[in-house]
Amino acid sequence: MKKRDGRWACAEAELSQSLGYGTYIITVRDVTHLEPAAVLSLNTFDDWGGEQHFRELDVEMSRWGRR
């Protein structure tokens, strides 16, 4: 994540295939260098589930300005 010309830019990773059902562990280390408003957002989105509001699940984690 980096600020360029007054605008924030970041990376996104998108899988082309489902990982399937199961338990997933995500480890994040040393976020002290990130801005307090930085957010880790994990999302599931089913393009084929339109009638069911795309069966979307969002999980977002942040410090939101806490020091």
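Every number here is computed from the coordinates shown, using simple stated rules; none is lab data. These figures come from a predicted structure and were not determined experimentally. Positions of Cβ are generated from backbone atoms using ideal geometry, with glycine treated the same way; all protein chains shown enter the neighbour counts.
Quick notes on this one:
- Considering only Trp8, Tyr21, Asn43, and ranking their Cα positions along the charge dipole of the chain that arises from unit charges at the beta-carbon of Lys, Arg, Asp and Glu, the one farthest toward the positive end is Trp8.
- A full extension of the chain between His33 and Asp46 corresponds to an added length of 1.3 nm, given 0.36 nm per residue minus the alpha carbon distance.
- Which labelled figure in (i) 12.2, 33; (ii) 21.2, 60; (iii) 15.2, 42 is Rg and Dmax of the Cα atoms in Å, once derived from the coordinates: (iii)
- Rounded FRET efficiency, nearest 0.05, which uses the C-beta distance separating Leu57 from Lys3 and R0 of 30 Å: 0.55
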